[in-house]
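The values are calculated or read from the model by the stated rules, or taken from the named source; none is laboratory data. Note that the structure is a prediction, hence the values are computed from the model and not measured. Here Cβ is always computed from backbone atoms with ideal geometry, including for glycine, and neighbour counts include all displayed protein chains. We work out accessible area using only protein heavy atoms, side chains counted, and drop any ligands, DNA or RNA first. Shrake-Rupley method; radii C 1.70, N 1.55, O 1.52, S 1.80 Å.
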Amino acid sequence: MSHRAGDARKEQQIVGKNILLIILVIAIAVIPLIFQSKAEFAGADDQAKDAISQIDKGYKPWFHSIWTPPSAEIESLLFALQAGIGSLVIGYYIGFARGRKKTEEEA
Amino acid sequence: MSKKIQIFFSIILMLIFMPKPTFAMHIMEGFLPPVWCISWGAIAIPFVILGLFSIQKTVQANPRVKMLLAMAGAFTFVLSALKIPSVTGSCSHPTGIGLGAILFGPTPMAVLGLIVLIFQALLLAHGGITTLGANTFSMAIVGSLVSFGVYKLIKKFKGPLWLSVFLAAFLGDLMTYVTTSFQLALAYPSATGGIGESLVKFMGIFAVTQLPLAVSEGILTVIIFNVLTSYSKNELQDLKILSEEASL
């Protein structure tokens, strides 16, 4: 019994630690937004083209994307979908692993 | 304040207040000359094949890690969809490769990374089909090798698990973009200073943008590892990440 209580406490500690770590990650993402309030935060692909054309003035891309999302909205839809599908799998796995551990402990 | 701290803060402030145009993502479609596309593709193929064999072997030996493998793939999928603002005033995204490389070794992530890159190239016009080989090499191969190597090294010196996980993911992420700079510098040597000058230029841009994101990736990987060590001890033991009694 005490073993299980110890486990539960350990689990709580890890949840606490993880929440702190998540806040840290959010802070790392938010700080640039505050300090660089005038920056564009562009997706950078266009700037890449500038950097390359500075070095090689005549360069023309020799191949174009087969399909490009028709608008920024569609593009963000697809990115959200990508993140969503991934999160679903991760969440499923964590739930599965947690349930499995509970069952093993009760058995 | 001591001198060191003052210098540290002035560097941080300099980085924060120095906006410059930058890019820090995969190489775009059509922006790598064909000879380089083919070369990087040829270098990448053996790793992907080794990765397929490695996955098969791991799953056969430990069938219960299959779900963990799916989760590592999903982690890459999520992280490479998150374009996060950086101190340079532009956005980049982490790679999420480190987690899988620590868990499954250096080659399986070549396969999973390739899948993610194909998805992004076809559906998002992000990266590209012609640059697939180069991007697979930088993200899924160099990233994996660095993460795996750093993890093993720190483990060998008996460093704590969280530190080995953090540094593995952090350096794997950073080296991915260093490799991208190399690839671009090789393809676009500067007329005045050659490959070296281009490299300095691309790296100067890359390292700064990617640095905070690499830290984020390190932390996110530690978070997942915390969860794994509390719920998935058995799988981690199967994969020899944890010995019978070890904990974080």
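Chain B gives an Rg/Rh value of 0.99, both radii derived from C-alpha positions and Rh following Kirkwood. Cα convex hull, region B:122-248: 133 Å³ per residue, rounded to a whole number. Here is the tail figure for chain A: Cα pairs spaced more than 24 Å apart come to 59 percent of all pairs. Placing +1 on the Cβ of every Lys and Arg and -1 on the Cβ of every Asp and Glu, with nothing else charged, gives the protein assembly as shown a dipole about its Cα centre of roughly 860 debye.
Over chain A, accessible surface divided per residue gives 69 Å², non-protein components excluded, 1.4 Å probe. With the charge dipole of the protein assembly as shown set up from +1 on Lys and Arg Cβ and -1 on Asp and Glu Cβ about the Cα centre, the Cα lying farthest toward the positive end among the listed residues B:Phe31, B:Gly89, B:Ile118 is that of B:Gly89.
If you take the charge dipole of region B:25-238 about its Cα centre, with +1 on Lys and Arg Cβ and -1 on Asp and Glu Cβ, which of B:Phe75, B:Ala185, B:Ser138 is farthest toward its positive end? It is B:Phe75, whose Cα lies furthest towards the positive end. Each part reduced to its alpha carbon centroid, region A:73-107 and region B:61-119 end up 14 Å apart. Within chain B, the selection of entire DSSP H helices by a Cα span of 24 Å or greater along the long axis and an average Kyte-Doolittle value of at least 0.0 returns B:34-61, B:161-187, B:194-231. For the protein assembly as shown, the carbon plus sulfur part of the accessible surface works out to 71%, probe radius 1.4 Å. Relative to the longest principal axis of the Cα atoms of chain A, the long axis of helix A:72-106 lies at roughly 20 degrees. Using a 1.4 angstrom probe on protein heavy atoms only, the contact between B and A buries about 5600 square angstrom of accessible area, both sides summed. Think of each Lys and Arg Cβ as +1 and each Asp and Glu Cβ as -1; about the Cα centre, that makes the dipole of region B:139-248 roughly 220 debye. Loop-located chymotrypsin sites (Phe, Trp or Tyr not before Pro) across region B:73-168 with a Cβ neighbour count of 14 or fewer within 10 Å are B:Phe157, with loop assigned by DSSP. A simple charge model with +1 on the Cβ of Lys and Arg, -1 on the Cβ of Asp and Glu and nothing else charged puts the dipole of chain B at about 420 debye relative to its Cα centre. In this structure the amide hydrogen of B:Ile84, modeled in the peptide plane, comes within under 5 Å of the amide hydrogens of B:Ser92, B:His93, none closer than 5 places in sequence on its chain. At 10 °C and 1.306 mPa s, grab the translational diffusion coefficient of region B:21-165 from Stokes-Einstein with a Kirkwood Rh over Cα pairs, rounded to a whole number in µm² per second. Result for D is 100 µm²/s. Rg and Dmax of region B:117-189, based on Cα coordinates, read 14.7, 43 Å.
Enclosing the Cα atoms of the protein assembly as shown in their convex hull gives a volume equal to 159 cubic angstrom per residue. When the helices in the protein assembly as shown are scored as -39500 (n - 2.57) per DSSP H run of 4 or longer and the sum is shared across all residues, what 222 nm value do you end up with, to the nearest 500 deg cm²/dmol? Helix-only estimate at 222 nm: -24000 deg cm²/dmol.
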